[in-house]
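First comes the structure, then the notes that go with it.
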Amino acid sequence: MRKSCALVILISCCYQSALFAQRKDSTFFFHTDLSITNNGFSIVPAFTLGAPAAFLDMRMGNKRMTFEPQFRFALEEGRPWSLIFIYRYKAIIKPKFQLAFGGHIPGLNYITRTVDVNGIQEPLSVARRFLALEIIPTYKVSPHVSVGIYYLRGHAFQEHGPQNTNFLSLQGNFTKIKFVGKTYFNFNPQVFYLKVDEADGYYVNTSATFGVLGFPITISGIVNKAIQSSIAARDFDWSASLVYTLDKQFVLKK
């Protein structure tokens, strides 16, 4: 309980300082990705669905502060799988370097449990609640290439399932790399360390997206491989997705 309270206080302090430091910005953006995938995959194995799923990932805000909710649903069962409400603030914005802080306030992961309702066994969705704090420094090598570190510290509020999660990754981001004609691809490799309660492991992970400039539908895929791990999960996992993107920017007139 003390750990969860400390995490709440830390996140609150980060956002209070962010709100006081934020300057007025008349540019507002709205970005949405609607995805259908064959395999609802999560880097934290306990949150992996392992079945067809639909994602609705949104980002809205200005250059400093963004709200990035994620809504994920299991297609076969027609139920919510994961709902995460992410707030991020860029404390440092330089031409080559950026530093962002974020919080998952809250995150909800749904699992199915069979319970007795008036003598009848029924499968019901049970929500697992957690909070998380993010630290994200990024260095831009070129207009299409950047490298960064991503750290996440999460804590759950229920006794079943994972309680404490630490995730640390070294990431590479290659965006809008020209392929043939108007086609392009994004390539995002990373190597990461994951600790879930007393179990931990080292992994490599790669995601790639192929698209056509000016066309809103893309194809993406992700591959995840364990190098060495004591976490109960598949050593190798993958997914493929069809993604529809809506990207808008607005200028607020005074």
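When GLU134 is tested against (1) at pLDDT below 90; (2) touching a Gly at 6+ places or on another chain (Cβ under 7 Å); (3) among the acidic types (Asp, Glu), exactly one condition is not met: (1).
There is no residue in the range 228-242 that is at pLDDT 95 or above and β-branched (Val, Ile, Thr). Screening HIS155, HIS160 for residues that are of a type outside the set (A, V, I, L, M, F, W, C) and in a strand (DSSP E or B) leaves exactly one candidate, HIS155. Being part of a loop (DSSP other than H, G, I, E, B) and under 28 Å from ASN39 (Cβ atoms) is the filter here, so list the residues in the range 63-109 that pass it. The answer is LEU75, GLU76, GLU77, GLY78. Could you tell me whether the range 144-152 includes any residue that is under 23 Å from THR37 (Cβ atoms), crowded, with 16+ Cβ neighbours inside 10 Å and not aromatic (Phe, Trp, Tyr)? So far as the range 144-152 goes, yes, one or more of its residues are under 23 Å from THR37 (Cβ atoms), crowded, with 16+ Cβ neighbours inside 10 Å and not aromatic (Phe, Trp, Tyr).
Against the criterion of being buried (at least 16 other Cβ atoms within 10 Å of the Cβ), farther than 16 Å from SER125 by Cβ and in contact with a helix residue (DSSP H, G or I) (Cβ under 8 Å, 6 or more places away or on another chain), ILE86 does not qualify.
Scanning the range 43-80 for residues that are among the small types (Gly, Ala, Ser), surrounded by fewer than 17 Cβ atoms within 10 Å (Cβ to Cβ) and within 21 Å of ASP237 (Cα to Cα) yields GLY50, ALA51, ALA54.
Among the conditions (1) of a type in the set (Asp, Glu); (2) in a strand (DSSP E or B); (3) without any contact (Cβ under 8 Å) to a residue 12 or more places away in the chain, GLU134 misses just one, which is (3). Residues that are in a strand (DSSP E or B), hydrophobic (A, V, I, L, M, F, W, C) and in contact with a Lys or Arg (Cβ under 7 Å, 6 or more places away or on another chain) within the range 188-234 comprise VAL204, VAL212, listed in sequence order.
Going through (1) surrounded by 14 or more Cβ atoms within 10 Å (Cβ to Cβ); (2) out of contact with any Lys or Arg (no Cβ under 8 Å at 6 or more places or on another chain); (3) under 23 Å from ILE84 (Cβ atoms) one by one, PHE185 falls short only on (3).
ASN39 meets each of the listed conditions (1) part of a strand (DSSP E or B); (2) within 30 Å of ASP200 (Cβ to Cβ); (3) touching an Asp or Glu at 6+ places or on another chain (Cβ under 8 Å) apart from (1).
The values are calculated or read from the model by the stated rules, or taken from the named source; none is laboratory data. Predicted model, so just to flag it, every value in this text is computed and none were measured. We place every Cβ from the backbone using ideal geometry, glycine too, and count neighbours over all the protein chains shown.
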